1. With a 1.4 Å probe and all protein chains in place, put Lys160, Lys110, Lys73 in order of accessible area, largest first.
2. Quick check: residue separation of Ser79 and Gln150 times 0.36 nm, minus the Cα distance between them. What number comes out in nm?
3. To the nearest 0.05, what FRET efficiency results for Asp62 and Leu181 with a Förster distance of 25 Å applied to their C-beta separation?
4. Give the Rg (one decimal place) followed by the Dmax (whole number) of region 122-186, computed from C-alpha coordinates and expressed in Å.
5. Using the alpha-carbon centroid of each, what span in Å lies between region 46-76 and region 163-189?
6. Largest first, how would Arg185, Arg134 line up by accessible area (1.4 Å probe)?
7. Determine ³J(HN,Hα), in whole Hz, for all residues of region 93-108 in sequence, where each value follows from phi through the Karplus function 6.51 cos²θ - 1.76 cosθ + 1.60 and θ = phi - 60°; x replaces Gly and Pro.
8. What net charge is computed for the residues neighbouring Lys73, neighbours being all others with C-beta under 11 Å from the C-beta of Lys73, Lys and Arg scored +1, Asp and Glu -1?
Amino acid sequence: MVIKFINGLVSNCLNEAPPPSGIQVSSQLSAHALCEKGLFILCDGVFSQSSSPAASSCLLIDENCSLVDGLAKKVKASSLLVAEALAVREACSMADICGLVNLVICSDSKVVISLLLSELDPHSEIESIIEDARRIAAHLNLSFEHISRQTNATVNFVVKADAGGSLPINWVSIVPGHLVLLLGRLACS
């Protein structure tokens, strides 16, 4: 029954339908609203069965919508859902490693954010990933927000570039031009 619920949640979220009753999903925050909160992390995952490997990325952004730190790595994932969940868990780990508390972690995955905010056990291929993220978030008082794909475009560029092998090794210290442009758009939205 829970597996059926999870499959229904995945199906509903992929079709942009509202989540089932009893699941709390935060409203989408604009980039401007995020920047007003101070430091926040954008995260995203990609998965393709045919081409590049799965990857996850996290960007630590400050109140000026400037890049503070980032992480991009290839991951082993069996689906986009797993890649997205891994990205959120990496964001939680990044906050922990950096000693950050009361931070907002943002993803454009309605399914992952819904599962993180619900009291239900996910009982799916991402159960342990969700539980890890919840445990870290509780320890650091982190919160999760669903954001639009447009707001998440900055980290989406990073994760796709990494998966495709075109992200420079020093991308955090010498920010690629396209990423600078996307950060500028983030600050203006």
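The values are calculated or read from the model by the stated rules, or taken from the named source; none is laboratory data. What you are looking at is a predicted structure, and each value in this text was computed from that prediction instead of being measured. In this analysis, Cβ positions are derived from the backbone assuming ideal geometry, glycine residues included, and neighbour counts consider all displayed protein chains. Heavy atoms of the whole protein, side chains included, go into the accessibility calculation; ligands, DNA and RNA do not. Shrake-Rupley method; radii C 1.70, N 1.55, O 1.52, S 1.80 Å.
1. Lys160, Lys73, Lys110
2. Working: separation 71, 0.36 × 71 = 25.56 nm, distance 2.18 nm.
Value of the extension gain: 23.4 nm.
3. 0.90
4. 15.4, 42
5. 11
6. Arg185, Arg134
7. My calculation for region 93-108 gives 5, 4, 4, 5, 4, 7, x, 9, 10, 6, 9, 9, 10, 10, 8, 8 Hz in order.
8. Net charge around Lys73: 0.
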